[in-house]
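All remarks here apply to the structure that follows.
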Amino acid sequence: MAKREEVICAGFGGQGILFLGKLIALCAMKENKFTAYMPSYGAEVRGGTAYSMAIISDKPIPSPVITRPDSAIVMNEPSFRKFRDKIKKGGLLVLNSSLVGNCGRPKGIKLIKLPFTEIAFSLGNVKAANMVALGAYIKKTNVVSVKTALKAIDEFIKDKKLVVINKLALLKGASLVK
Amino acid sequence: MKKVLMSGNEACGEGAMIAGCRFYAGYPITPQNELTEYMARRMPETGGVFIQSESEVAAINMVFGASLTGARAMTSSSSPGISLKQEGISYMAACELPAVIINMVRGGPGLGNIAPAQSDYFQATKGGGHGDYHLIVLGPSSAQEMMELTVLAFDLADKYRTPVLILGDGLIGQMMEPVLVNSRQSLVVSKKLTTKNWVLTGCKGRDPRIVKSLWLNDGALEAFNRKLGEKYEHIKRAETRYEAVRTEDADIVFVGYGSVARILRAAVARLREEGIRAGLLRPITLWPFPQAAIRQLSKKTKKFVVVEMSMGQMLEDVELAVAGNAKIEFYGRPGGGIPHEEEIYQRVIARHKVPKQSKK
């Protein structure tokens, strides 16, 4: 059976949701896997809901559109409501408990629930919450390596100061998951 | 060769840079804005001209003017914007002016939506504007092809003195995937193509030249239309492009282009695993349409399945090509619906009664 991981990243505009999906695809490319990234490209604005999709596979990817993801990285409550029932059975939900209230325990899926926004804030930049979540996600799934993600951040982000905080956030996220 | 993660829109822009595009004019519209943005950034870096025009009509007429002076020129838009450009496109076809026009198709008619669609096939391949003309129309199915076909589009436009249209869609434009980018040195634009003896650059020291689309004298337009017709016949013979995937022994041949072809390719692989002999014919030039290749296949294939993100437009060209030689089924997802490989697979499996193979 072909190895294939479909992940949806969701949150509000400004949380770096599109960047998150792009970075996952960039990591996959760096590891010579087939990959496709697709953003939600409607009237997305800062504060509105945004999501992006990334597929990593050992075979060419026909359509980049995901209806039932293997994993979802969910950064706020409206996104949680939108995607909680879409995740495949046995899949993974990575949830930002800073911005999602009592969510209960979704049935039939694995759950990583951490206060990504608060962790990022304590690291010095609230906007790096997406990287904390990414660290947790790739540590848990091993879909790409943390090392590759660090390299991808180097390549993607031009501002040196931002590279440092994003790497720190990624490593912090990875350290919180077994 | 460098591997870069790029959207189809960006890959198209990079293709234009490789081809030596010197002039771009466009007006924003989703889902092709990243292309306009890319050109805004890259054109000034190379001494080219970027203009965000006041309208789509202005953009196509600016391209008209730039092309008249010999510059490699391009504009881009999405469906409603391309409708607005049709007058200019017809005039350029009449003046035999090279240009590259990008249509990242969205759902229609009208303002429609911003989701991927293939519902501008008729407009692109059957004329679009008024008068007796055709555009060369290319249908890319990946970010890689978005780049390569853009380079080809500039070459074909110069070679035949005709506008060339690239028919992408929101999916091809927005999706990012790895692209192998040719280094600039490896793709030298042929001098023969860019040396133009018809351009209007001021006639000091030479005879004046005329480029026009008005032919009032008795019989003049008829003669010109015949000349254009001959050019189109030549293009049909020389430039028809398609890809055939496992069609040699196929009982079922899918026909689809652009993003749909990606999905059909996966469906073919899956059906083959089940022992169903499926194949795919993917037109790369939508005009000229690979009519002869499909007619040839229709003599040995039992069934064609045409899949489009529309209510059935290319379907008519397949019907003409098959000419009653084989059965044709159609499956369409209009208005922004994107078919999934699973849905194609299930459809074919359901209709294709496969005897269960007994285990040995």
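The values are calculated or read from the model by the stated rules, or taken from the named source; none is laboratory data. What you see is a predicted model, and the numbers here were worked out from it, not measured in a lab. Note: ideal-geometry Cβ built from the backbone for every residue, glycine included; neighbour counts use all protein chains shown.
Based on what the data block shows, is residue B:295 among the basic types (Lys, Arg), modelled with pLDDT of 95 or more and in contact with a Ser or Thr (Cβ under 8 Å, 6 or more places away or on another chain)?
On the way: among the basic types (Lys, Arg): yes; modelled with pLDDT of 95 or more: yes; in contact with a Ser or Thr (Cβ under 8 Å, 6 or more places away or on another chain): no.
In short, no.
Does residue B:329 meet the test of being free of Cβ contacts under 8 Å to residues at least 60 places away in the same chain and not in a helix (DSSP H, G or I)?
yes
For the range B:256-300, which positions are of a type in the set (A, V, I, L, M, F, W, C), in contact with a Gly (Cβ under 7 Å, 6 or more places away or on another chain) and part of a helix (DSSP H, G or I)?
B:264, B:268
For the range B:77-102, name all the residues that are closer than 15 Å to residue B:135 by Cα and hydroxyl-bearing (Ser, Thr, Tyr).
So the first thing to find is which residues in the range B:77-102 are closer than 15 Å to residue B:135 by Cα, and the list is B:82-83, B:85-102.
Listed by number, the residues that qualify are B:83, B:90, B:91.
Matching residues to (1) within 14 Å of another protein chain (Cβ to nearest Cβ); (2) touching an Asp or Glu at 6+ places or on another chain (Cβ under 9 Å); (3) surrounded by fewer than 16 Cβ atoms within 10 Å (Cβ to Cβ); (4) at pLDDT below 95:
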position	(1), (2), (3), (4)
B:150	no, yes, no, no
B:174	yes, yes, no, no
B:190	no, yes, yes, yes
B:195	no, no, yes, yes
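What residue, among those in the range A:135-169 that are part of a helix (DSSP H, G or I) and in contact with a strand residue (DSSP E or B) (Cβ under 8 Å, 6 or more places away or on another chain), is farthest from residue A:114 (Cα to Cα)?
A:141
Looking at the range B:320-328, is at least one residue at pLDDT 95 or above, crowded, with 21+ Cβ neighbours inside 10 Å and away from every other protein chain (no Cβ under 14 Å)?
Yes, because at least one residue in the range B:320-328 is at pLDDT 95 or above, crowded, with 21+ Cβ neighbours inside 10 Å and away from every other protein chain (no Cβ under 14 Å).
Say whether the condition of being more than 14 Å from chain B (Cβ to nearest Cβ) and out of contact with any helix residue (DSSP H, G or I) (no Cβ under 8 Å at 6 or more places or on another chain) is met by at least one residue in the range A:47-61. Before the answer, list the steps.
In the first step, residues of the range A:47-61 are kept if they are more than 14 Å from chain B (Cβ to nearest Cβ); the result is A:47-49.
Keeping just the survivors that are out of contact with any helix residue (DSSP H, G or I) (no Cβ under 8 Å at 6 or more places or on another chain) gives A:47-48.
Yes, some residue in the range A:47-61 is more than 14 Å from chain B (Cβ to nearest Cβ) and out of contact with any helix residue (DSSP H, G or I) (no Cβ under 8 Å at 6 or more places or on another chain).
Of the residues in the range B:249-258, how many are more than 14 Å from chain A (Cβ to nearest Cβ) and over 18 Å from the mean Cα position of the chain (by Cα)?
Selection size over the range B:249-258: 5.
Only one of B:267, B:238 is aliphatic (A, V, I, L, M) and either within 14 Å of another protein chain (Cβ to nearest Cβ) or more than 28 Å from residue B:104 (Cβ to Cβ) (or both). Can you tell me which?
From the options B:267, B:238, the qualifying one is B:267.
For (1) within 14 Å of another protein chain (Cβ to nearest Cβ); (2) free of Cβ contacts under 8 Å to residues at least 60 places away in the same chain; (3) in contact with a strand residue (DSSP E or B) (Cβ under 7 Å, 6 or more places away or on another chain); (4) surrounded by fewer than 20 Cβ atoms within 10 Å (Cβ to Cβ), each residue gets a yes or a no:
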site	(1), (2), (3), (4)
B:244	no, yes, yes, yes
B:247	no, yes, yes, no
B:260	yes, no, yes, no
B:275	no, no, no, yes
B:291	no, yes, no, yes
B:318	no, no, yes, no
B:336	yes, no, yes, yes
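I'm checking my understanding of the structure. Among residues of the range B:213-236 that are within 22 Å of the chain's Cα centre (by Cα) and acidic (Asp, Glu), which one is farthest from residue B:91 (Cα to Cα)?
B:233
Considering B:46, B:69, B:125, which residue is at pLDDT 95 or above, more than 14 Å from every other protein chain (Cβ to nearest Cβ) and over 24 Å from residue B:313 (Cβ atoms)?
The conditions single out B:69.
What's the number of the only condition in (1) within 14 Å of chain B (Cβ to nearest Cβ); (2) surrounded by fewer than 19 Cβ atoms within 10 Å (Cβ to Cβ) that residue A:106 fails to meet?
Among (1) within 14 Å of chain B (Cβ to nearest Cβ); (2) surrounded by fewer than 19 Cβ atoms within 10 Å (Cβ to Cβ), residue A:106 violates only (1).
Do any strands (runs of 3 or more DSSP E) lying entirely in the range A:1-109 carry at least 1 residues that are closer than 25 Å to residue B:34 by Cα, and which ones are they?
A:4-12, A:34-39, A:49-57
Which number in (1) outside any loop (DSSP other than H, G, I, E, B); (2) touching a residue at least 40 places away in the same chain (Cβ under 8 Å); (3) surrounded by 14 or more Cβ atoms within 10 Å (Cβ to Cβ); (4) away from chain A (no Cβ under 14 Å) marks the one condition that residue B:213 misses?
The failed condition is (1).
Kindly indicate which of B:8, B:48, B:15, B:108 is touching a Ser or Thr at 6+ places or on another chain (Cβ under 9 Å), surrounded by fewer than 24 Cβ atoms within 10 Å (Cβ to Cβ) and touching a residue at least 24 places away in the same chain (Cβ under 8 Å).
B:108
So, in the range A:62-99, how many residues would count as being more than 23 Å from residue A:15 (Cβ to Cβ) and crowded, with 21+ Cβ neighbours inside 10 Å?
Total meeting the criteria: 2.
Please work out which residue is surrounded by the most Cβ atoms within 10 Å (Cβ to Cβ), limiting yourself to the range B:76-91 and to residues that are among the small types (Gly, Ala, Ser) and not in a loop (DSSP other than H, G, I, E, B).
My answer is B:76.
Just for the range B:221-235: of the residues that are among the acidic types (Asp, Glu) and closer than 30 Å to residue B:152 by Cα, which one is nearest to the other protein chains (Cβ to nearest Cβ)?
Only one residue fits best here, namely B:233.
Limited to the range B:18-43, what total is found for residues that are in a helix (DSSP H, G or I) and at pLDDT 95 or above?
11
Hey, any hits in the range A:16-33 for a residue that's facing chain B (nearest Cβ under 9 Å), surrounded by fewer than 19 Cβ atoms within 10 Å (Cβ to Cβ) and hydrophobic (A, V, I, L, M, F, W, C)?
Within the range A:16-33 (the criterion being facing chain B (nearest Cβ under 9 Å), surrounded by fewer than 19 Cβ atoms within 10 Å (Cβ to Cβ) and hydrophobic (A, V, I, L, M, F, W, C)), the answer is no, since none of the residues qualifies.
Name the one entry in B:73, B:94, B:99 that is buried (at least 24 other Cβ atoms within 10 Å of the Cβ) and either more than 22 Å from residue B:230 (Cα to Cα) or more than 17 Å from the chain's Cα centre (by Cα) (or both).
So the residue among B:73, B:94, B:99 that is buried (at least 24 other Cβ atoms within 10 Å of the Cβ) and either more than 22 Å from residue B:230 (Cα to Cα) or more than 17 Å from the chain's Cα centre (by Cα) (or both) is B:73.
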